[in-house]
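The values are calculated or read from the model by the stated rules, or taken from the named source; none is laboratory data. Computed from a predicted model, the values in this text were never measured in an experiment. Note that each Cβ is placed from the backbone with ideal geometry, even for glycine, and that neighbours are counted across all protein chains shown.
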Amino acid sequence: MNNSLPPTRKSSDLIGKLSSSQPHRYVTLFAKPVMNFIFMAQLLLAFLIFQFVQTNVNGESINLSSPLVAGAQSKNAWYSDSKMFAFGFYQLQGTTGYVVAIWLESFGENTVVWTAYRNDPPVSKNARLTHTLERELVLSCEDSGVNKTIATNVSSAVMNNTGNFVLYDDKMGVVWQSFDHPTDSLLKGQILFGGNELVSSLSKTNYSSGDFCIIMQMDGNLVMYPLKTGAGLAYWHTNTHKDKGSNNSLYLSDTGLLLINGSNISSTVVKILYSKPKDTAFYRATLGDDGIFRVYLYNHSNSLPLIEWKVPAAPCDVRNYCGLNSYCTMNDELPYCVCLPGNDFMYPDFMSRGCERNFTKAMCKSGKENTTYYTMVPKERLDCDDRPYVGFMTDNKDVCRDSCLQDCDCDAAVLRNGKCAKHKFPLVNVKRVYDDSTSRMFFKTPTIQANYESEVVPHEKVRTTSKKTWIIIIVISVSFFIYSCFSLSLTGYFVFKFRLLKYKRLLETRSLRLAEDLILQSYTYKELKKATDGFKHELGKGSFGRVYKGSFYKGDKLIAVKRLEKLVEDGEREFRAEMQVIGKTHHKNLVRLLGYCAEGKTERMLVYEYMSNGTLAERLFRSDRLPDWSERVQIALDVARGILYLHEECETPIIHCDIKPQNILMDDFWTAKISDFGLAKLLMPDQTKTFTIVRGTRGYLAPEWQKNTAISVKVDIFSYGIVLLETICCRRNLEVHVSNTEEIVLATWAYKCFERGQLDLLVYDEDVNIAALERLVKVAFWCIQDEPGLRPSMKSVLLMLEGITEIATPPCPTSIW
């Protein structure tokens, strides 16, 4: 591939080349008039060629005699020939102000790619762009007194189809172009020369200069850094050092690749996701307000742009993403800013704007800190890259903490690798540390929230309380404490006796029907043995025990009792705590947990409501009558609603870890309900806090189970995608006895049918709604994407299943091949 940039050609070069081809050796004194005619013809031919190039490549020239007015409905912008780009007055969202900008408006949204005077206040609707008699392009606004000259010696202008607004003089030479003054974006074919930079916008609706910068250094290294810290604390760079010089540059090619002096830095080749001509696609590289550099692909088959490439991978990798006195952490794969102890957000609605101290420091006594008013709050796995004002060697956390507590200048201390570093506020570069558990920080905060001023009354004037008064206060306090303890003990004793008596009466009258709807019941082994008739009627066997059928209230209340066989040693407290969490889950698509038995060291049983119609696996794979299409769609919706409740709607979010048809049961009305949720992580003997050990069933496991990374709710999304495909096709994900080898793996076969437009093969001769079938299949493929970040949340899955949200064409998951 030729990575060199295409050379530009000016009209004067073309004229010179044509004129250089004159046959001088045949010119004589008598042929001078003929040569003059030939020279004039060459000039005319060069002009026509230039006009042809300008018209067909860059679009028609703009009529500068008609000014642009910000508030005008029909004349507030000049458009490119393709109508893809516009230059003019852009109204800021939610305001009455306008900015001079270039925006892209052919792909479902108006995206600003360049702004003029970006740090100036917006202009009103009376602002004008005028081409004066002195051949100047002037921005003026009488309301605010604005009068700025954009360029001089201007004779014509063109809004190119590449997004470049160009001004020409009367000899068609370029006097000004927007590509030479980038703001936060590079467009297709645009070059960022050495020494130039892109600066992020303040927000998605405020196009003023923001907090982050990416610069093409003169040495050929592309560097991203926060403007507050400078390039010395960069958070990403290409490390492509060349010889110093202005010839080093960054270039966005027609295929969406970022090239430094012809070298690809995108690390991945753009995939062609459509079959239309190249002019239907457009690429844009933008440094976002979150400090992430992204390459976007626009094409007419998608209403929103697609992200082709980005660095860094996550916002928390961006240095100073959260501003002063705060740090970034992840909350359900979303960035979340946390203030340091003793600080509050300066702008609660804009957490990334940083934090400030929420108290005033107390007076420093005799050069030492008044330790009465302060305490040190420890925070594990935090580090600070700021330069400390002092540091010393120690491994003792108490020594480091107390040194900062007694130092009037110290606001925070960092203990890491045997060194204690003391810092003053504000702190700029505090970050989470995931690879070093020994790093910790200590923060000085007040013991009581008071407004201490440095001009506090001098020490010698502070009045102290007499010893006699202190003795009286202590005696009264101790007496009141003893009396309170005695009263509470006596009250608690009588309340306990009363409730115990009441509970015994309830047991005697067998009136537990109301109680089971309100609380999670604790049963004895004897009660459950009697209810199951000695554990005779076995319903099935799972990974952690057997399930038996039973009944309460003389057969009126049917139950299913799961007798657990694998148990973590000394797991009594964890078992009971998890039962309390799961017992609070109440949803029509979750199998209700009625109670449990935790007796002795070995007997652990769970009591569930009885599901009369068996499992979804039995209905799909072993039933004489398969569910019809409408029933399968309803089953898919029921399971999605149950998982959504576990992930987002219950008090404590639960990761199921084992979504499969065998764990989906059907009640009397054929409603699908999820069972066995949230228990595997408690009962496995190799239980870990971050769930790095593989759990679940082969064939339904997400790819990240095989990696040494923490899992998230996205593992359930992957399992649901496999279950959804099995529900659609009424077959297992892996079938050996098939007529064609490509049908062995259901996901692989389904994607091939989807690519070939043969989805009807998945449901054989059944009469189904093809549009609904395509919607469900696309949702399933989005759910089984290898990258967890590409999988939608369960709420998005439900909206797509119900047809509320449009579904983009999913890429092929590589793990199914």
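Assess whether Thr360 counts as being of a type in the set (Val, Ile, Thr), modelled with pLDDT under 90 and within 39 Å of the chain's Cα centre (by Cα). Here the answer is yes, as Thr360 does meet what is asked. Note on segment 218-241: among residues that are in contact (Cβ under 8 Å) with a residue 60 or more places away in the chain and among the aliphatic types (A, V, I, L, M), the one that is surrounded by the most Cβ atoms within 10 Å (Cβ to Cβ) is Met224. Against the numbered list (1) under 32 Å from the mean Cα position of the chain (by Cα); (2) at pLDDT below 90; (3) loosely packed, with under 14 Cβ neighbours inside 10 Å, Glu755 comes up short only at (2).
Would it be correct to say that Gly163 is part of a loop (DSSP other than H, G, I, E, B), within 29 Å of Gly210 (Cβ to Cβ) and outside the structural domain of Thr286 (by TED's automatic domain parsing)? Even if it seems obvious, please write down each step before you answer.
Details: part of a loop (DSSP other than H, G, I, E, B): yes; within 29 Å of Gly210 (Cβ to Cβ): yes; outside the structural domain of Thr286 (by TED's automatic domain parsing): yes.
When the stated conditions are applied, Gly163 passes them.
Just one residue in the set Ile215, Ile150 is surrounded by 20 or more Cβ atoms within 10 Å (Cβ to Cβ) and either touching a Cys at 6+ places or on another chain (Cβ under 8 Å) or in a strand (DSSP E or B) (or both); that residue is Ile215.
Confirm whether Asp184 is closer than 30 Å to Glu105 by Cα, touching a strand residue (DSSP E or B) at 6+ places or on another chain (Cβ under 8 Å) and either assigned by TED's automatic domain parsing to the domain that holds Val430 or not basic (Lys, Arg) (or both). Judged against the criteria, Asp184 is a match.
What do you reckon, is Lys778 in a helix (DSSP H, G or I), out of contact with any Leu (no Cβ under 6 Å at 6 or more places or on another chain), basic (Lys, Arg) and touching a residue at least 12 places away in the same chain (Cβ under 8 Å)? Spelling it out, Lys778 is indeed in a helix (DSSP H, G or I), out of contact with any Leu (no Cβ under 6 Å at 6 or more places or on another chain), basic (Lys, Arg) and touching a residue at least 12 places away in the same chain (Cβ under 8 Å).
Against the condition at pLDDT below 90, in contact with a helix residue (DSSP H, G or I) (Cβ under 9 Å, 6 or more places away or on another chain) and closer than 22 Å to Val639 by Cα, how does Gly721 come out, does it pass? The answer is no for Gly721.
Report, by residue number, each residue of segment 616-637 that is in a loop (DSSP other than H, G, I, E, B) and more than 22 Å from Gly540 (Cα to Cα).
Start the filter on segment 616-637 by keeping residues that are in a loop (DSSP other than H, G, I, E, B), which leaves 622-628.
Matches in segment 616-637: Pro627, Asp628.
The combined condition, being surrounded by fewer than 21 Cβ atoms within 10 Å (Cβ to Cβ), in contact with a Phe, Trp or Tyr (Cβ under 6 Å, 6 or more places away or on another chain) and not hydrophobic (A, V, I, L, M, F, W, C), is fulfilled by His587.
In segment 777-798, how many are among the polar types (S, T, N, Q), more than 18 Å from Phe754 (Cβ to Cβ) and surrounded by 21 or more Cβ atoms within 10 Å (Cβ to Cβ)?
Number of matching residues: 0.
Checking Thr697, Thr688, Thr652 one by one, the residue that is modelled with pLDDT under 65, in a loop (DSSP other than H, G, I, E, B) and not hydrophobic (A, V, I, L, M, F, W, C) is Thr688 and no other. Scanning segment 751-764 for residues that are hydroxyl-bearing (Ser, Thr, Tyr) and part of a helix (DSSP H, G or I) turns up just one, Tyr751. One residue alone among Gly194, Gly256 is crowded, with 16+ Cβ neighbours inside 10 Å, in the same structural domain as Glu308 (by TED's automatic domain parsing), of a type outside the set (A, V, I, L, M) and closer than 20 Å to Lys310 by Cβ, and that residue is Gly256.
Within segment 742-750, identify whether any single residue is among the aliphatic types (A, V, I, L, M), touching a strand residue (DSSP E or B) at 6+ places or on another chain (Cβ under 8 Å) and part of a helix (DSSP H, G or I), and answer yes or no. Yes - at least one qualifying residue is present in segment 742-750. Taking the conditions exactly as written (at pLDDT 90 or above and either aromatic (Phe, Trp, Tyr) or under 20 Å from Ala640 (Cβ atoms) (or both)), does Lys714 satisfy them or not? The answer is yes for Lys714. Per the listing Asp349, Asp332, the residue uniquely under 14 Å from the mean Cα position of the chain (by Cα), outside the structural domain of Ala231 (by TED's automatic domain parsing) and farther than 28 Å from Asp407 by Cβ is Asp332.
Among the residues of segment 69-84, write down those that are assigned to a strand (DSSP E or B) and of a type outside the set (A, V, I, L, M, F, W, C). Spell out the reasoning first.
Filtering segment 69-84 for residues assigned to a strand (DSSP E or B) gives 69, 77-79.
Passing the criteria: only Tyr79.
Rundown of residues vs (1) part of a loop (DSSP other than H, G, I, E, B); (2) at pLDDT 90 or above; (3) among the aromatic types (Phe, Trp, Tyr), yes/no style:
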residue: Trp103; (1), (2), (3): no, yes, yes
residue: Phe107; (1), (2), (3): yes, no, yes
residue: Val112; (1), (2), (3): no, yes, no
residue: Tyr117; (1), (2), (3): yes, yes, yes
residue: Pro121; (1), (2), (3): yes, yes, no
residue: Asn126; (1), (2), (3): yes, yes, no
residue: Ser144; (1), (2), (3): yes, no, no
residue: Ala157; (1), (2), (3): no, yes, no
residue: Leu167; (1), (2), (3): no, yes, no
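Could you tell me whether Glu742 is farther than 19 Å from Val797 by Cα, at pLDDT below 90 and surrounded by 14 or more Cβ atoms within 10 Å (Cβ to Cβ)? The answer is no for Glu742.
For segment 781-808, which residues satisfy the criterion of being in a loop (DSSP other than H, G, I, E, B), of a type outside the set (Asp, Glu) and either touching a helix residue (DSSP H, G or I) at 6+ places or on another chain (Cβ under 7 Å) or at pLDDT 95 or above (or both)?
Here is the first cut: in segment 781-808, the ones in a loop (DSSP other than H, G, I, E, B) are 784-787, 791-793, 802-808.
Those left that are additionally of a type outside the set (Asp, Glu): 784-785, 791-793, 803-805, 807-808.
Result: Ile784, Arg791, Pro792, Gly803, Thr805, Ile807.
All conditions but one from (1) among the small types (Gly, Ala, Ser); (2) at pLDDT 70 or above; (3) on the phi > 0 side of the Ramachandran plot apply to Ser267; the one that does not is (2).
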